[in-house]
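Structure first, then comments.
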Amino acid sequence: MPTLYHGTLIHSLSLTQLEVLPNALLCVSDTDGIIEWLERGVEGSEIQEVAARKGVILDGGVEVVVLGKGEVLCPGMIDTHTHAPQYPNNGLGQQYQLLEWLDKLTFPREAMFADVEYARRIYDQVVKRNLNAGTTTACYYGSLHDESTRVLADICDDKGQRAFVGKCCMDRNCPPTYTETTESCISSTKSWLSHFDKFTSPSSSDSGSGSDQSVPSPPLVQPILTPRFAISTTPEVLAFIGKLAHSRSPSIAIQTHLSENPAEVEFTKQLFPDCETYAGVYDKYDLLGPGTILAHCVHLDDKEREVISKRGAGISHCPTSNTHLNSGAADVGKMLRAGIKVGLGTDCGGGYALGILPSLRQAAGVSRFVSWSSAGSTASPSSCDAQPLSLPQLFHMATLGGASLCRLESRIGNFLPGKEFDALRIKPASPGMWTDDRDSPEEVFEKWLFTGDDRDVADVWVRGRRVGGAA
Ligand SMILES: [Zn+2]
């Protein structure tokens with residue numbers, strides 16, 4: 001039996017198109033969570049008639065979820081860059097820059113995840129709280145530990161969060177208490193990867209859904225190869241990962257950090273003197289492709305943007321972290337103009353906040369600073385060439401743009417029929433949200449983006465299954 005959803009839907013169609021659909025009626029298959037059809041402009045009194053016309057007879061077996069006035073249904077948020085073992089450090093470290101922050105706070109915390117039971121306890125909370133905050137898809141870095149990272153993948157699958165889970169590869173320039181040899185890095189990466197064979201695609205052969213997808217949907221939880229960054233990874237491991245990624249079709253996803261901090265860029269160039277640029281290091285080892293997610297990219301030059309665009313890799317913009325760790329202000333406008341796909345990342349615990357909303361707000365603010373500074377400190381904002389990010393751009397990065405980084409844009413990211421139902425029901429409840437009967441749905445939605453939090457996320461669905469929410 002399908003489930004019907006009736007009310008105001010808001011979703012992104014492109015970087016410039018944010019579509020608002022009042023009185024929409026959406027039908028989701030209960031067998032595979034696929035959106036079977038979407039009808040626009042259906043009054044409450046017409047639900048039964050429209051459903052019947054679509055072949056759905058409303059009786060006791062069909063659930064109809066009717067959104068109340070002031071409520072909005074939007075796609076789930078996609079966090080394209082975050083570190084599961086670092087959540088206990090959230091809020092610490094604003095006095096440091098990247099390399100010192102790693103030594104003082106991050107590596108000691110991640111080393112604790114050698115203890116699998118500790119990992120289980122923390123990861124259980126990380127996934128649960130992320131889901132409740134509206135993060136339906138997350139790209140997680142684990143620690144370097146194979147077994148603890150397997151536990152993270154199992155928890156995501158069990159709780160129903162769509163996730164990419166990676167074991168960090170880090171076989172040099174790390175403290176002796178938290179590093180691995182090249183041999184153990186390679187063998188544990190192979191071992192970690194084999195764990196994902198048990199996550200299978202949902203069967204759609206007997207679903208009877210309206211999906212026109214000819215290729216089966218990928219498993220909810222997928223592996224992502226994770227060379228931490230060039231500094232911590234030997235050329236041997238980078239070459240191994242490049243080959244391993246391309247040993248499958250489609251290639252295995254890859255995530256890493258790129259050009260986050262000036263000292264990091266400098267050190268990387270010393271380690272790889274034969275590469276002209278930092279991005280060139282990853283390109284040399286065949287690590288840049290459509291399945292690659294590059295976090296930060298604050299200090300790119302034009303050549304680097306060009307090669308990233310050419311290879312089809314995506315950038316995870318992490319403005320909260322970039323600001324908190326004094327890394328710099330990434331120019332997202334330049335990335336977009338270069339044709340690079342861009343999503344948002346929380347980068348916890350470099351970033352300090354749970355969920356994508358704080359990153360979206362910070363992305364808006366940083367884009368203004370970038371536009372002001374590009375015009376000179378005395379120029380007025382209206383005279384800038386570089387425009388601040390618009391609301392449609394910001395929300396696109398949080399949803400459909402993020403999906404494209406994960407190569408899932410044909411599966412999730414908005415409510416087009418044939419996609420899987422990853423969604424949030426926004427019902428204003430937090431004290432920071434000032435809404436009343438006079439607000440349009442667009443205004444409620446904009447207020448939530450800028451003033452709301454997880455208390456306003458009443459329900460969270462992934463692939464049609466309710467997996468979280470405050471209701
Ligand atoms: Zn990171």
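Per-residue SASA remark: Tyr5, around 10 Å² accessible (1.4 Å probe; ligands, DNA and RNA not included). Positive end of the dipole of the chain (Cβ unit charges, origin at the Cα centre): among Leu92, Tyr278, Val64, the Cα lying farthest that way belongs to Tyr278. Rounded to 0.05, the FRET efficiency of the Phe450 and Asp158 pair, given R0 = 41 Å and the Cβ-Cβ distance, is 0.80. Per residue, the range 77-405 exposes an accessible area of 36 Å² to a 1.4 Å probe, with every protein chain left in place. In summary, the lysines within cross-link reach of Lys303, defined as a Cα separation below 21 angstrom excluding same-chain residues under 8 places away, comprise Lys269, Lys284, Lys334, Lys341. With every protein chain in place and a 1.4 angstrom probe, the accessible-area ranking of Cys348, Cys174, largest first, reads Cys174, Cys348. Backbone geometry of the range 28-35 corresponds, through the Karplus equation with coefficients 6.51, -1.76 and 1.60 at θ = phi - 60°, to 3J(HN,Hα) couplings of 10, 5, 7, 7, 10, x, 8, 6 Hz, x marking Gly and Pro. This model, with +1 at the C-beta of Lys and Arg and -1 at the C-beta of Asp and Glu, gives the chain a dipole about its Cα centre of some 320 debye. Kindly list the residues of the range 444-462 that lie in the label zone of Asp436, defined by a backbone N under 16 Å from the point 7 Å along the Cα-to-C-beta vector. What the label zone holds, given the 16 Å backbone N cut-off, is 444. Each Lys or Arg adds one and each Asp or Glu subtracts one; over the other residues with Cβ under 10 Å from the Cβ of Tyr87, this totals +2.
Net charge of the neighbourhood of Tyr96, taken over other residues with C-beta under 10 Å away and scored Lys/Arg +1, Asp/Glu -1, is -1.
Compute the acute angle (0 to 90°) between the alpha-carbon long axis of helix 116-132 and the principal axis of greatest extent of the alpha-carbon atoms of the chain; round to the nearest 10°. Approximately 40 degrees, to the nearest 10.
Counting only protein heavy atoms and using a 1.4 Å probe, what share of the accessible area of the chain belongs to carbon plus sulfur, as a whole percent? Solvent-exposed carbon and sulfur of the chain make up 50 percent of the total. Bridgeable lysines around Lys69 (alpha carbons under 17 Å apart, same-chain partners fewer than 8 residues away excluded): Lys427, Lys447.
Quick one: grab the alpha carbon gyration tensor of the range 77-405, order the square roots of its eigenvalues as a ≥ b ≥ c, and give me rounded if a/c is under 1.5, else prolate or oblate depending on whether a/b is larger than b/c. Note, shape of the range 77-405 comes out rounded.
Place a point 7 Å from the Cα of Met1 along the Cα-to-Cβ direction; which residues of the range 60-82 have their backbone N under 12 Å from it? Counting only backbone N, you get 60-65. Once the dipole of the chain is set up with Lys and Arg at +1 and Asp and Glu at -1 on Cβ about the Cα centre, which of Val265, Pro218, Gln362 lies farthest towards its positive end? Value computed over the given set: Val265. Stretching the chain fully between Glu266 and Glu147 yields a gain of 39.5 nm (0.36 nm per residue, less the alpha carbon separation).
Taking 14 Å as the straight-line reach from the Cα of Lys104, none of the aspartates and glutamates fall in range once those fewer than 8 positions away in the same chain are excluded.
Computed from Cα atoms, the angle from the helix 182-194 axis to the main principal axis of the chain rounds to 20 degrees.
With helices as the sole contributors, the chain gives -9500 deg cm²/dmol at 222 nm; each DSSP H run of n ≥ 4 counts as -39500 (n - 2.57), and the sum is divided by every residue. Annotation: Met433 carries an accessible surface of approximately 20 Å², with a 1.4 Å probe and no ligand, DNA or RNA atoms counted. Amide H contacts for Ala253 (H built 1.01 Å from N in the peptide plane; partners 5 or more residues away or on another chain; cut-off under 5 Å): Leu225.
Computed with every protein chain present, the accessible area of Asp115 is close to 80 Å² [probe 1.4 Å]. Heavy-atom accessible area with a 1.4 Å probe sorts Tyr285, Tyr141, largest first, into Tyr285, Tyr141. Taken as Cα centroids, the range 1-47 and the range 244-300 sit 39 Å apart, rounded to the nearest whole angstrom. Sorting Arg305, Arg53 on solvent-accessible area from highest to lowest, probe radius 1.4 Å, gives Arg53, Arg305.
Counting only alpha carbon atoms, the long axis of helix 357-374 and the longest principal axis of the chain meet at about 60°.
Loop-located trypsin sites (Lys or Arg not before Pro) in the range 429-471 (DSSP state other than H, G, I, E, B) with a sparse environment of at most 14 neighbouring Cβ atoms within 10 Å: Arg438.
Note on the chain: antiparallel DSSP beta bridges, both residues inside, total approximately 40 percent of the bridges counted. Note that the range 215-230 has calculated 3J(HN,Hα) couplings of 9, x, 5, x, x, 4, 10, 10, x, 9, 5, 9, x, 3, 6, 4 Hz, one per residue in order, obtained from phi through the Karplus relation 6.51 cos²θ - 1.76 cosθ + 1.60 (θ = phi - 60°); glycine and proline are x.
The values are calculated or read from the model by the stated rules, or taken from the named source; none is laboratory data. In this text the structure is predicted, and so the values were computed from the model without any measurement. Because the Cβ atoms are built from the backbone with ideal geometry, glycine has one as well, and the counts that use them run over all protein chains shown. These area figures cover heavy atoms from the full protein model, side chains too; ligands, DNA and RNA do not enter into them. Shrake-Rupley method; radii C 1.70, N 1.55, O 1.52, S 1.80 Å.
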